[in-house]
Every structure is written in C-alpha cells, then in structure tokens.
Amino acid sequence: MLRLSHVILPRFILYCIRGAAILQLLLVSLLAQANIDRIELTNGSVIIGSFHDADNGKVMIDTDFAGMLTIEKSNIVSMDVASSVTLQMRDGAVLETDNLVVDNRTLSLTTQGKTSYALDELMRINPEPWELGHGYRHTGLISSAFSLQRGNTVLDELDYKIDTRWSGLKDRYTLKLEGEVREANRERNTENWMITGKYDRFQTGDYYWGISASAEEDRFADLDLRTAIGPYLGRSLLVGTPFVLELETGLSQVNEDFGTAIDRSYVGLTWSVRSESQYFGAESRLYVDHKGVKNLADRNNLILNTTLGLAFPVLGRIQGATEVVLDYNSGAVEGTEELDQTYRFRLGYAW
C-alpha cells in the first residue's frame, strides 16, 4: 500500500499541473479570440472591453458593464489593443499594426519603419475612407414641424427643412431647403420657401473660400423670387473642441422680383455665423445659424435671418429640436412686417 500511494500521488499532482496548464492555455486562447482590450487611466482605473474607434482626441471602447464609453486621450496612461488596427498619425503616416500597445503615453507598434510614437502624435485609429482623402462623408437632417388647432380658430401649419453636407479633406458641399405653409380658418396666409447651395474649398490653416447660390419666394410678402450668388471667405474656429464656429463674409449679386413693388437688383455685402456646441451633453446640440445681406447702394436695405435652437435625441436617429427663427427685412414691401418671429418644435431624422 505504501509503495502504491507513492506512485499514485505524484501522478495525481502531475495530472493537476498539466490540467491547469491546459486550462490556462484555453483561457488565453479564448481571450485572444475575443479581442479583449485594456485601457489604464491617469486616475488608476482600468477599463476592459472591445476597442471601437479613436478620433478627435477621444477613444471609444465597448464594455460589458457600461456599454460604449468615450475617453479623452489625455486621460490615458497605457492601452493594449489586441485586434488589428489602422493608425493615422499627425505627420501623415498611415500604419497597419496587429497589436497596439501604449505605455507611459508612448505607442509601440509591430510594423515596419518607425515603431515608436508619442501618444500625442496619434490623430485617429481606424479612419474612414474620407478621412484618408477618398470620397466624402455624407451627413444631414430631414425635419418638420406640424401643428393643428381647432375651435374658435382653425389653424394648420407645416414647416419643413432639409440640411445635408458632403465633407471631404479638401472641400465640402452643402444643400439646404426650408419652407413654411400656414392656413387660418381655411385661408392660406403664409407660404414661403428658400433653397441654398454652397461649395467650400479648404486652404492651409483654418481658412477656406467658397461660393454660395440661393433662391427664395414669399408669396404673402409680395416676393415672387429673390436670387443671390457670390463668393466669400471663411474661417473655422475652435477646431478640435466640442464647439464649432464658422465665420464667413463676401459679396453677392442679389435680384428681387416683386408682385406689385418695383423690382430691384444690387450688390450686397454678405456675412454668416454658424455655431454649434454640446454644452448640455454629448447627445445634444445647441446651435445658432445667422445670415445677413446689406445692400451697398442703399444703407436702409438690410436682411437678417437668425435661427437659435436646441436639438436632442428622441429615439435612435430620431431627433427633436426647439427653435426660434427671426427674419428681418428693413426693405420689406409696404404693408408687410419688417420682423417675422417663429417659435416651433421640430422632429426629424439625422444621419
């Protein structure tokens, strides 16, 4: 019995050691297949999940405990990405690597050529084709506001808006269409629309130039058709922050055809301000869109269009927005108001 136990016990221990080694190999294999990624933050926290993307100074990782997390790059001390990724660096280099390791804010790459970069040199991970200069990114919003009122007053109103952009590294196309139709007591008292097309060409730094063309009609303001076309210079400010601010100024040839008033044609000084921010959270959008045209031949003729709004997600890509729209025309036809104010709630689809 003593000899038998001396034989069985070592074999049992050997089998346990072999089993533990096999189990460890299986766990390592399963983790590798699952592409488990790891991020360590400056506060000592460690986040485990599946790496998703990195852009604009932020890293996104999908976790089991909190879903998709967005982390500021400045808060990252180390990072280990087990999956194959494409890196776009600030010096223009595009690198492919099977494993990305960040230690002490330094990137170590399994790739040819330069294998070490400072984390601040990384511009984005897994860039989209348009970010590499191939094609355009298409974004946009289709929305409408509809109201019904019944009782002493019968009121029907429909506002519609399409705003879409094609953005590339070198240029951008913008197309906007908006309009309003309103009936009170079965009689139409408002009908207007405006369409605008723009082309922007980006230059070095934050500057760009472009050309804009627009057409609009307002039946109940005696405006049969107003067209404007002309060039402008623009500048983007606050680049790389949660805020967007674009300023433009230029000249336009404006032609106005009226139903009863005298038609007119003039050169106008134009300007515009477009601002957006995520002040109320990453999912919201506080925005201001302002445009102005000053008749250079008539100092009393000034047109201002200003929209202030707050957009917020409703469900998926469905978006709601509250807006205040102010339209001012100091040269309005006699009998019409110079200032038109509109307050509305919009519901639309964004992409």
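Points to keep in mind about this one:
- Considering only Arg188, Arg172, Arg285, the Gaussian network model of the chain with Cα springs below 10 Å gives its largest mean-square fluctuation to Arg188.
- Accessible area, probe 1.4 Å, largest first, for residues Leu169, Leu310: Leu169, Leu310
- Computed over segment 175-294, the Cα gyration tensor eigenvalues convert (square root of 5λ each) into semi-axes of 31, 22, 9 Å, ordered from largest to smallest.
- Kirkwood Rh, Cα atoms: Rg over Rh of segment 232-351: 1.06
- Listed residue pairs exceeding 30 Å between alpha carbons, taken from Lys58/Lys291; Lys176/Lys294; Lys73/Lys198; Lys58/Lys161: Lys58/Lys291; Lys73/Lys198; Lys58/Lys161
- Computed label-point distance, nm, for sites Val244 and Val333 using a 7 Å Cα→Cβ extension: 3.6 nm
- An ellipsoid equivalent to segment 194-243, defined through the eigenvalues of its Cα gyration tensor, has semi-axes of 31, 13, 7 Å when rounded to whole angstrom and sorted largest first.
- Each residue of segment 259-271 is assigned a 3J(HN,Hα), and the resulting list reads x, 10, 6, 6, 5, 8, 9, 7, 9, x, 7, 10, 8 Hz, derived from the Karplus form 6.51 cos²θ - 1.76 cosθ + 1.60 (θ = phi - 60°), x at Gly and Pro.
- Rounded percent of accessible protein surface that carbon and sulfur make up, segment 257-340, 1.4 Å probe: 57 percent
- The residues of the chain present an accessible area of 60 Å² per residue when probed at 1.4 Å with all protein chains retained.
- Relative contact order, percent, the chain [alpha-carbon distance under 8 Å, six or more residues apart]: 8 percent
- Under the Debye formula (equal points on every Cα, no solvent term), log10 I(q)/I(0) of the chain at q = 0.10, 0.15 Å⁻¹: -0.80, -1.31
- 0 to 90° range, to nearest 10: angle between helix 2-33 axis and the chain longest Cα axis: 20 degrees
- Note on Ile229: accessible area is roughly 90 Å² with a 1.4 Å probe, heavy atoms of protein only.
- Segment 56-196 shape via C-alpha gyration tensor axes, a/c threshold 1.5: prolate
- Within the shell of other residues whose beta carbon sits under 10 angstrom from the beta carbon of Tyr232, the net charge comes to -1, with Lys and Arg scored +1 and Asp and Glu -1.
The values are calculated or read from the model by the stated rules, or taken from the named source; none is laboratory data. Owing to the predicted nature of the structure, the values given are computational and were not obtained by experimental measurement. A quick note on method: Cβ atoms are made from the backbone with ideal geometry, for glycine too, and the neighbour counts reach across all protein chains shown. Heads up: the accessible areas ignore ligands, DNA and RNA and are worked out on the full protein's heavy atoms, side chains in. Shrake-Rupley method; radii C 1.70, N 1.55, O 1.52, S 1.80 Å.
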